[in-house]
Amino acid sequence: MAVDIPPLVKTSRLRSRGGLLGECLAEFLGTFVLISFGCGVVAMAVAALPGSGRAATTTTIFLAAGDWLLITWGWAFAVMFGVYVAGGISGAHLNPAVTLAMALRRGFSWAKVLPYWAAQVVGALTGAALVYLVYHDAINTFDRTVAGPKVNGHTNTTFSIFATFPAPYFHGGVWGPLIDQIVGTAFLLMLIAAVIDLRNQAVQANLGPLIIGLVVAAIGMSYGANAGYAINPARDFGPRLFTYAAGWGSLAFPGSVSGAFSGYWWIPIVGPLIGGAIGILLYDLFIGDVLLARTELAQLPPPGRSTPTRTEE
């Protein structure tokens, strides 16, 4: 039902929101929604469900695949709703790797890249702050209860609510997690390109955000355990900034746990940026160029006939 919705801001002030400012506001809010629901579902699994008596013990987490499925589906919904919120204004990149890939291959203005990145990081930081506001009692209770190394009373387990770290089987190595982030983000951009490509089997009836959410779920289910499938520099860096300020200290920056890994903070930034560029290039090389070639072939005249030419009278 169409209704007239009066603006909250004076009409004279709305003009500035019609361009880049409005797009950045949309990126901020979309990323805020993404992190609020994404980090929120991890807070549920890690601290809130155990602390509320809904698990076997107050520290029981990740004892079955169902715990991981809760998180992967939660992040899928988070992405879907973030894209629905911002898609009509900014295209809902919500991810610096997406912004970079669109600038590389889809004509997105390079002048907008840094403003989009800034809006995404600030939105992610603000979303993390909201999750902490809502769940800080559960988080603090978990940290007091669980044993193990702590920084300012906080554990790496509660840090995982907000940002990512590598699995123990990498033994602190860099290449395994870096390759993991490159591969996961390459799939993300490859599949986003397929979903939005009108020359391909593009999603109809505004179902694109739902399918992109399912893409994130698939990546989490298939490639999530290695390094937490950040696949988004803002998704990791914004909450990491917040947790550093909120007391997690070296767990956030430089991203170190004694005897496990050190200086990890840059991997969820560099890996996704590389992976996103690779993913969209692979899509265009194997699919996009073929679709373009078929379009051009369809416009050629039948064999034996020349293209009609116009003559001036």
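Of the residues making up segment 103-130, those that are under 27 Å from Ala194 (Cβ atoms), crowded, with 24+ Cβ neighbours inside 10 Å and more than 13 Å from the chain's Cα centre (by Cα) are Tyr116, Ala119.
Selection within segment 285-299: residues that are of a type in the set (D, E, K, R) and farther than 16 Å from Leu104 by Cβ. The member of this set that is farthest from the chain's Cα centre (by Cα) is Glu296. Checking each residue in segment 20-56 for being at pLDDT below 75, over 16 Å from Asp137 (Cβ atoms) and out of contact with any helix residue (DSSP H, G or I) (no Cβ under 7 Å at 6 or more places or on another chain) picks out only Ala56.
When Leu94 is tested against (1) surrounded by fewer than 24 Cβ atoms within 10 Å (Cβ to Cβ); (2) touching an Asp or Glu at 6+ places or on another chain (Cβ under 8 Å); (3) not in a helix (DSSP H, G or I), exactly one condition is not met: (1). The condition of being part of a helix (DSSP H, G or I), surrounded by fewer than 17 Cβ atoms within 10 Å (Cβ to Cβ), in contact with a helix residue (DSSP H, G or I) (Cβ under 9 Å, 6 or more places away or on another chain) and among the aliphatic types (A, V, I, L, M) holds for only one of Ile179, Ile192, that being Ile179. Would you call Ala2 closer than 25 Å to Tyr229 by Cα, of a type in the set (A, V, I, L, M), surrounded by fewer than 22 Cβ atoms within 10 Å (Cβ to Cβ) and modelled with pLDDT under 95? Answer is no for this residue.
The values are calculated or read from the model by the stated rules, or taken from the named source; none is laboratory data. Every value quoted in this text rests on a predicted model; they were computed, and no experiment measured them. Ideal geometry is used to build each Cβ from the backbone, glycine not excepted, and the neighbour counts take in all protein chains shown.
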